[in-house]
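What follows is a set of notes on a single structure, which appears directly below.
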Amino acid sequence: MSDTDFFDLAFGNLGLLLSCMVFVMALFYFCIRGKAVAGYLDPVHFYWTFTMGSAYGVVLFMYVSGKVETYLLLILFSYCSMFMIVYSICHGRALWFPKMVRLFLVPEGKGRSEFIVVVILYSLLALFLIINVGFGSSAETNRFEQNRGFGAFVRVADGFRLFVISYLTLWIGRRFRSKNVNFVTVLMIGGLFLDILISSFLNGAKFAILESIYAVILVLFFAKFSVRVGFTKLFLLGVTVLLFAGYILTRNLENSGVDVSERGVYMPNSSVLVERLVLRVFANADKYYFALPGNVIERLETDSFFLQMLSPLVGVTTLSNAVGHPVNDYTVGRQSLLYWYPTFDVAGGPTSHYDLFAYKYLGYAGGLLFVMMLSFVLSSISTMSRVAGSDFYYALAATLWLRALPMLLEPAIGLSYILDIFILFFVIKVFGMILRAFSQRGTVSV
């Protein structure tokens, strides 16, 4: 089903669609709420409750409307159920993971020297991207097209920015807790807000500023700070995120030659901007309405499971040149788009989601095992909240959790995010150990 066909169906049966979406999102919320690290403020609710829940709500709507075969619905249901079963069993039990992180990635002491090294590297990398790529919020086509050839640098910068935001948050929080609030504290608060603002515009994703806010909230929960977010604060946070998303979408529409003051096509009583925001929520399920009706998913092409898992690590452009075909065109999400729009040659497109990727590349049984493995990895990372550590550890835990959750939307990319963090911070730790060794040797010599 093309997107225009789906939108006609959706707006023609809007009450049923919204009922299905609300029902599934509520179900997903109650399934995960007791296992969320930061309660209802945890980013797992964005990825699982909102994104996956709204997408599955669309699937249920299409099934009720007679557009999806029963066997496909049962496959998705079984994958979803298996994910929650494994996550529930393993949640809080994989204490080996935080021990491994502390052994290989976390320096001794408070890690302030290593933090300074990260800040320097991140600042240089951000400056490099601004000069060579520009701000993602100002992309003429989309941020994926703009970042073509620089994807690895963007990934590293995103990992560092979340860590810097998390560590700065704890630094500020401890000063307030000890009532050591002075000019330096105010300066750090200003630096934190400036970093959140600039890094969000540099990233260019509508989710970027919300991700930064999640980093602030998460690290406070990890470090056992008392976090109270009342209705007023939650409302202001929501308005901030919507304004940022609206700004990014406005720039995207203007760069595409669309007048944002025009009336919507499907929502004639609203502006095209409001309509596009609504359609963006529906687009959480774009890979499903492209691939499930008419059993299109069975006709999508694939290349190699290992190529798909390797491509984010090596680089899509590099690997594509090596194997002789555009590897990124064979993700399930991208394939579902190309099925309906074969001449679409702009980078980006729908994500694959863990369930469609697992089923298409590994078959039903293999896909079920893959879902179990993915659930085990996520539940293992979540156990970091149960282990005490330094501020460096807490900031790294918040970063890892935020970088791991995208596995639900695009498994290969999410895995590469995790490996990025392991490689980068292992190098940072080794570098810090070398600096300390030279420093101690110099002290002894004197």
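The values are calculated or read from the model by the stated rules, or taken from the named source; none is laboratory data. All values reported here derive from a predicted model rather than from experimental measurement. FYI the Cβ positions are ideal-geometry reconstructions off the backbone, even for glycines, and counts take in every protein chain you see. Keep in mind that these areas ignore ligands, DNA and RNA; they rest on the heavy atoms of the full protein, side chains included. Shrake-Rupley method; radii C 1.70, N 1.55, O 1.52, S 1.80 Å.
Figures for the structure shown
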| item | result |
| --- | --- |
| From Leu60, Leu73, Leu95, residue being aliphatic (A, V, I, L, M), farther than 20 Å from Leu362 by Cα and in contact with a Leu (Cβ under 9 Å, 6 or more places away or on another chain) | Leu60 |
| Leading residue by the ranking (nearest to Leu220 (Cα to Cα)) among those in the range 192-209 that are open to solvent by 30 Å² or more (accessible area, probe 1.4 Å) and either outside any loop (DSSP other than H, G, I, E, B) or free of Cβ contacts under 8 Å to residues at least 60 places away in the same chain (or both) | Phe193 |
| Matching entry among Ser65, Ser78 (being within 22 Å of Tyr364 (Cα to Cα), open to solvent by 20 Å² or more (accessible area, probe 1.4 Å) and hydroxyl-bearing (Ser, Thr, Tyr)) | Ser78 |
| Cβ pairs under 8 Å, 6+ apart, first in the range 20-35 and open to solvent by 70 Å² or more (accessible area, probe 1.4 Å), second at pLDDT below 90 | Arg33/Gly39; Arg33/Tyr40 |
| Residue that is surrounded by the most Cβ atoms within 10 Å (Cβ to Cβ), among those in the range 212-267 that are assigned to a loop (DSSP other than H, G, I, E, B) and of a type in the set (Ser, Thr, Tyr) | Tyr266 |
| Flag if Tyr56 is more than 17 Å from Phe282 (Cα to Cα), under 24 Å from the mean Cα position of the chain (by Cα) and modelled with pLDDT of 95 or more | no |
| Search result, residues across the range 170-182 that are in contact with a helix residue (DSSP H, G or I) (Cβ under 8 Å, 6 or more places away or on another chain), open to solvent by 10 Å² or more (accessible area, probe 1.4 Å), assigned to a helix (DSSP H, G or I) and of a type outside the set (Gly, Ala, Ser) | Trp171, Ile172, Arg174, Arg175, Phe176 |
| Residues being of a type in the set (A, V, I, L, M), more than 28 Å from Tyr341 (Cα to Cα) and assigned to a helix (DSSP H, G or I) - total across the range 17-49 | 8 |
| Residue check for Thr399: under 30 Å from Pro293 (Cα atoms) and either open to solvent by 30 Å² or more (accessible area, probe 1.4 Å) or in contact (Cβ under 8 Å) with a residue 60 or more places away in the chain (or both) | no |
| Single match in Leu356, Leu369, Leu374, Leu378 (criterion: in a helix (DSSP H, G or I) and surrounded by fewer than 22 Cβ atoms within 10 Å (Cβ to Cβ)) | Leu369 |
| Among (1) open to solvent by 50 Å² or more (accessible area, probe 1.4 Å); (2) part of a helix (DSSP H, G or I) - the single one Gly333 does not satisfy | (1) |
| Some residue of the range 118-127 being of a type outside the set (S, T, N, Q), open to solvent by less than 70 Å² (accessible area, probe 1.4 Å) and part of a loop (DSSP other than H, G, I, E, B) | no |
| Close pairs (8 angstrom Cβ cut-off, 6 or more residues apart or separate chains): under 13 Å from Ala245 (Cβ atoms) in the range 263-284, of a type in the set (Ser, Thr, Tyr) and assigned to a helix (DSSP H, G or I) anywhere | Leu273/Thr250; Val281/Ser54 |
